[in-house]
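Enquirer: Submitted below is the structure of interest, expressed as structure tokens.
Nothing in this text is a laboratory measurement; each read-out follows from the coordinates by a stated rule. Note that the structure is a prediction, hence the values are computed from the model and not measured. Positions of Cβ are generated from backbone atoms using ideal geometry, with glycine treated the same way; all protein chains shown enter the neighbour counts.
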Amino acid sequence: MQHIDRFYINGAFVRPHGTDLFELVSPVTEEVIGTAVLGDRDDVDCAVAAARRALPVFSRTGKVERIAMLTRLHEAVRARADDIRDATIDEYGGPVGRSAWVAQYAAECFVHAARTLESYPLTRDIGSASVIMEPVGVAALVAPWNRAAGTICSKLAMAVAAGCTTVIKPSEMSAIQAQVVAEALHQADLPPGVINFVNGRGNVVGTALSTHPDIAKISFTGSTPTGKDILRASADTMKRVSLGLTGKSPTLILDDADLDQAVPLALAAGFQNSGQACIAGTRILVPEHRLREVVERMKTAVAAIRTGDPRDPAMSIGPMASRQQYERVQHYIRQGLAEGATLVAGGEGRPDGLSRGYFVRPTIFAGVRRDMTIAREEIFGPVLCVLAYEDEDDAIALANDSDYGLHGYVFSSDRLRARAVASRLKAGGVMINGLRHEPLAPFGGVGQSGLGREFGVFGLESFLEPKTVIEA
């Protein structure tokens, strides 16, 4: 049993002002595994004040100093990778392979930020002017529960590279993961006030950060409704806002796709992180004349997917993160049945042999129409929808018939054709014939999936403001 009762503020672990207690529940056993004290507006004020005091000196550091700090941050987080992995499994139920990847990714974020900063011109001549890229100021970094360590570190890495001081608000559901990360970051020995943590609920700590006059920038990853609330709350103080929001990503299996490759990868894209991923390819678009074959292949493949103890490497799918999330997914499964979709695999309840834990049957619906709730709303669980299309134009129209535009997947035996289809998708990113991550390329969405981009040069520039200097 862990009790998180300290926040990392101004270079030290301090007792919070807030007193509300949040229970941390194992999604595998449904037992309480810890508690966390939640912060309040006074804690936010304390953390922001520390960041503001550190800003004048830190914002004037040069590339060499920041790269050295990023290197130390990388080494510190890498040293705690096993602890981050274990905390992710215990608290969130992430499958061990995914959790280990996230832990390594969290450390590597600082390497990628250092590489980006090293080659980035912080000053450049444009016409007769000199343009200086300056840190935007104190940045609030708000991370979700589905990839806490990775999101914290990816945002922090670019903020530090830009010369911004920070206040980090992890989800209250990921307090153990955040504690391990904070302890690791402390070992990197950055100046006090550059990195600060405040645990708390979005409607308390998140709102306080969104409205705080000394916060210049908010980088948020989470749901679209919450992102809209942050955008509205930030308007009075004209904060710079980056939002990574909801997805309902399409997977296009074109009529010339190699199904031996495409079907397993389509399922991997849809079920990644137990379906609790914003980029999950949950709408699988299939040509009508190959629909029966694709569905039969999926039915066979899903039968071999194992769901259970996330510490077991043989398990591909772990539990939902919370009872609330479990009930949400069950609701959508019932909704799909009520609206007339055909259940191909899975369904309501837990998988066979599991009597406790927030485990969901890997579920696939066929016969899904574009107007069905399960085809339009993000479920955030291992529930996939198969939709049929007539021809390539119909497939693209179907893929783009969504309020969201975060990601997409295209499978085809013709590389040039796949790239042409990808260019017509309304999405911030598209993967062709595989599942790969490029940490230096921009990531983000269009439409209701967000504002701005993270990673690489685009992520660095989201924490910078240009200043134009013209001499007479």
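Enquirer: Quote the charge dipole size of the range 304-456 about the Cα centre in Debye, to the nearest 20; the model charges only the Cβ of Lys and Arg (+1) and of Asp and Glu (-1). Before the final figure, lay out each step's value.
Expert: Working: 18 positive and 19 negative charges, 95 e Å.
That gives a dipole near 460 debye.
Enquirer: Follow-up. Within 10 Å, count the other beta carbons around each residue, average over each peptide in 325-338, 190-203, 270-283, 453-466, and list them highest first.
Expert: Details: 325-338: 17.5, 190-203: 22.9, 270-283: 25.0, 453-466: 20.4.
Sorting 325-338, 190-203, 270-283, 453-466 by mean packing, highest first, produces 270-283, 190-203, 453-466, 325-338.
Enquirer: Turning to a different aspect of this structure: Say R0 is 41 Å: what FRET efficiency, to the nearest 0.05, do residue 377 and residue 35 get from their beta-carbon distance?
Expert: Values: r = 33 Å, r/R0 = 0.79.
Using R0 = 41 Å, I get an efficiency of 0.80.
Enquirer: Also: Pairing the Cα long axis of helix 96-119 with the longest principal axis of the chain, what angle in degrees results, from 0 to 90 and rounded to the nearest 10?
Expert: Long axis of 96-119 versus the principal axis of the chain: about 50 degrees.
Enquirer: In addition: 7 Å from Cα along Cα→Cβ at both residue 323 and residue 441: what's the point-to-point distance in nm?
Expert: That separation, rounded to one decimal, is 4.2 nm.
Enquirer: Given 37 °C and 0.692 mPa s, how large is the Stokes-Einstein diffusion coefficient of the range 92-211 in µm²/s, with Rh as the Kirkwood radius over Cα pairs?
Expert: Roughly 210 µm²/s, to the nearest whole number.
Enquirer: Sticking with this one: With the cut-off at 1.5 for a/c, could you classify the range 370-449 from its C-alpha gyration tensor as rounded, prolate or oblate? Write down the numbers at each step before the final one.
Expert: Details: a/c = 1.62, a/b = 1.13, b/c = 1.43.
Oblate shape, in that a/c is at least 1.5 and b/c is the bigger or equal ratio.
Enquirer: Per residue of the range 51-68, in order, report the coupling 6.51 cos²θ - 1.76 cosθ + 1.60 (Karplus, θ = phi - 60°) as ³J(HN,Hα) in whole Hz, putting x for Gly and Pro.
Expert: Taking θ as phi minus 60°, the curve returns 5, 5, 5, 7, 4, x, 6, 5, 5, 9, 5, x, 4, 4, 5, 5, 5, 5 Hz for the range 51-68.
Enquirer: Convert each backbone phi in the range 341-353 into a coupling constant with the Karplus relation 6.51 cos²θ - 1.76 cosθ + 1.60 (shift: θ = phi - 60°), then list the ³J(HN,Hα) values in order as whole Hz, x for Gly and Pro.
Expert: So the J values, rounded to whole Hz, are 5, 8, 7, 8, 8, x, x, 5, x, 7, x, 4, x.
Enquirer: Give me, ordered by chain and number, the residues 5 or more places off residue 136 or on other chains with an amide H under 5 Å from its own placed amide H.
Expert: The list, which skips near neighbours in sequence, is 464, 465.
Enquirer: Hey, another quick one. Which far-off residues, 5 or more places away or on another chain, put their amide H under 5 Å from the one on residue 345, with H placed in the peptide plane?
Expert: Here the answer is 364, since their amide H atoms fall under 5 Å of that of residue 345.
Enquirer: Between residue 187 and residue 126, take the C-beta separation as r, use R0 = 41 Å, and let me know the FRET efficiency to the nearest 0.05.
Expert: Numbers: r = 41 Å, r/R0 = 0.99.
Using R0 = 41 Å, I get an efficiency of 0.50.
Enquirer: Give me a comma-separated list of calculated 3J(HN,Hα) values for the range 393-403, in order, Karplus coefficients 6.51, -1.76, 1.60 applied at θ = phi - 60°, integers in Hz, x for any Gly or Pro.
Expert: 4, 5, 4, 5, 4, 5, 4, 7, 7, 7, 6
Enquirer: Only helical DSSP H runs with n ≥ 4 go in: add -39500 (n - 2.57) per run for the chain, normalise by residue count and round the 222 nm mean residue ellipticity to 500 deg cm²/dmol.
Expert: Numbers: 15 runs with 185 residues, N = 472.
Helix contribution divided over all residues of the chain: -12500 deg cm²/dmol.
Enquirer: Oh, and also: Using the Cα gyration tensor of the range 1-158, with a ≥ b ≥ c the square roots of its eigenvalues, what is the shape: rounded (a/c below 1.5), prolate (a/b larger than b/c) or oblate (neither)? It would help to have the intermediate numbers written out before the result.
Expert: On the way: a/c = 2.73, a/b = 1.56, b/c = 1.75.
In terms of gyration-tensor shape, oblate.
Enquirer: To continue, here is another question. Taking 1 over the mean of 1/r across every pair of different Cα atoms in the range 250-439, what Kirkwood radius in Å do you get? Could you put the intermediate results ahead of the total?
Expert: On the way: mean 1/r = 0.0604 Å⁻¹.
About 16.5 Å, per the Kirkwood formula over Cα pairs.
Enquirer: Can I ask one more? Under 5 Å between amide H atoms, partner at least 5 residues away or on a different chain: which partners does residue 10 have, H built in plane at 1.01 Å?
Expert: 193
Enquirer: Right, another one. With a sphere of radius 11 Å drawn around the Cβ of residue 280, what net charge do the other residues whose Cβ falls strictly inside it have (Lys, Arg +1; Asp, Glu -1)? Walk me through the intermediate numbers first.
Expert: On the way: positive: 248, 283; negative: 378.
Summing Lys and Arg as +1 and Asp and Glu as -1 gives +1.
Enquirer: Quick one: helix 175-187 against the long Cα principal axis of the chain, what's the angle to the nearest 10°, folded into 0 to 90?
Expert: Approximately 40 degrees, to the nearest ten.
Enquirer: Take every Cα-Cα distance within the chain, group them into 20 Å bins from 0 onward, and report for each bin the whole-number percent of pairs it holds.
Expert: 25, 55, 20, 1
Enquirer: Angle between the Cα long axis of helix 224-234 and the longest principal axis of the chain, 0 to 90 degrees, nearest 10?
Expert: Between helix and principal axis, roughly 20 degrees.
Enquirer: Dipole of the range 250-439 (Lys/Arg Cβ +1, Asp/Glu Cβ -1, origin at the Cα centre): which of 386, 346, 295 lies farthest to the positive side?
Expert: Sorting the options by dipole projection puts first 346.
Enquirer: Do any cysteines in the chain lack another Cys Cβ under 4.7 Å, and if so which?
Expert: Taking the Cβ cut-off of 4.7 Å, the unpaired cysteines of the chain are 46, 164, 278, 385.
Enquirer: Let me ask another. What is the distance in Å between the Cα centres of the range 171-206 and the range 326-385?
Expert: 34
Enquirer: Still on this structure, please answer the following. Which whole-number percentage describes the relative contact order of the range 386-472, with Cα contacts under 8 Å and a sequence gap of 6 or more?
Expert: Working: 110 pairs, mean separation 20.8, N = 87.
About 24 percent, as a whole number.
Enquirer: Same structure, new question: Just check the range 187-319 against the gyration tensor rule for me: Cα atoms, a ≥ b ≥ c as the square roots of the eigenvalues, rounded for a/c under 1.5, and otherwise prolate or oblate depending on whether a/b exceeds b/c. Before the final figure, lay out the partial values.
Expert: On the way: a/c = 3.33, a/b = 2.05, b/c = 1.63.
Prolate shape, in that a/c is at least 1.5 and a/b is the bigger ratio.
Enquirer: Something else now. Determine the gain in length on full extension of the stretch residue 352-residue 292; use 0.36 nm per residue of separation and subtract their C-alpha separation, reporting nm with one decimal. Let's see the in-between values first.
Expert: Numbers: separation 60, 0.36 × 60 = 21.60 nm, distance 2.65 nm.
Stretched out fully, the residue 352 to residue 292 stretch lengthens by 18.9 nm.
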